[in-house]
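What follows is a short report on a single structure.
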Amino acid sequence: IGIGGFKTAHEGWLTLTVPPSSGLGSRASHNVVVKRPFHRIYPQGIPTSSTDYRIGHFALADELPKLFREANVLYWAKALLGLVYDFIDHAIAGTPDPPPFNIPRVRFVEAGLALSYSQGSSKSTIKTGVPRAGFFLEEVIDGDFTKFIHNMDPDPLLD
């Protein structure tokens, strides 16, 4: 799909053995965006401002903390946004007139972590059941949407 400031994005699908009743993974072969952190590898003597680079992946010990941090931040952001809307709804319910302006309802993307485990084989030196890579899965958003916040710039995208 593309490449961002520090993650690659690819088309994928998610099938859970015990799917939830709704949300990410609730359907068999649920289309998702598969994201993975990367770092740029520049050829020797090429400035880091160059677009001539290779994509390198982090060692699992470095990759997993990055993914867990992003998932944890999203978890808390969604929880705090829910509290904000609960407060607004409670305040509006306690007044005789609605506010003289529209209150937008925004949301964060549905997402989760996925780990790839080695399957092992009789010839493999890798133990079965050992994590090999981590991925951040996000819902596919169909249709038009406005992205207000992204990771590369702390300023809201209101335009």
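Between the range 94-116 and the range 1-45, the C-alpha centres lie 23 angstrom from each other.
Below 8 Å, C-alpha to C-alpha, sequence gap of six or more: please give me the relative contact order for the chain in percent. Relative contact order, the chain: 21 percent. The listed peptides 6-13, 40-47, ordered by packing as a protection proxy, come out as 6-13, 40-47 (highest mean of other Cβ atoms within 10 Å first).
Modelled this way, with points 7 Å down the Cα-to-C-beta line, the labels at ASP86 and THR15 are 3.8 nm from one another.
Computing log10 I(q)/I(0) by the Debye sum over Cα atoms at q = 0.10 Å⁻¹ for the structure here picks out one of (i) -0.36; (ii) -0.54; (iii) -0.40, namely (ii). Full extension of the chain segment joining SER116 with ILE103 gains 0.6 nm, where the gain is 0.36 nm per residue of separation less the Cα-Cα distance. Stretched out straight at 0.36 nm per residue, the stretch from THR51 to ALA79 would grow longer than its current Cα-Cα span by 6.3 nm. Per residue, the chain exposes an accessible area of 75 Å² to a 1.4 Å probe, with every protein chain left in place. Helix 60-93 and the long axis of the chain differ in direction by around 10°, with both axes built from C-alpha atoms. Taking amide hydrogens as modeled 1.01 Å from N in the peptide plane, which residues meet the under 5 Å criterion relative to LEU14, leaving out close sequence neighbours? When sequence neighbours closer than 5 places are left aside, the close amide H contacts are SER29, HIS30, ASN31, VAL32.
Taking the accessible area of the range 1-127, probe 1.4 Å, and keeping the other protein chains in place, the carbon and sulfur fraction comes to 60%. Once the Cβ-Cβ distance of THR8 and ALA28 is raised to the sixth power relative to R0 = 30 Å, the FRET efficiency obtained is 0.75. Each Lys or Arg adds one and each Asp or Glu takes one away; over the other residues whose Cβ falls under 11 Å from the Cβ of ALA77, this sums to +1.
The values are calculated or read from the model by the stated rules, or taken from the named source; none is laboratory data. For clarity, every value in this text was computed on a predicted model and none was experimentally measured. Every residue, glycine as well, gets a Cβ built from its backbone with ideal geometry; the counts of neighbours run over all protein chains shown. Note: areas computed on protein heavy atoms with side chains; ligands, DNA, RNA excluded. Shrake-Rupley method; radii C 1.70, N 1.55, O 1.52, S 1.80 Å.
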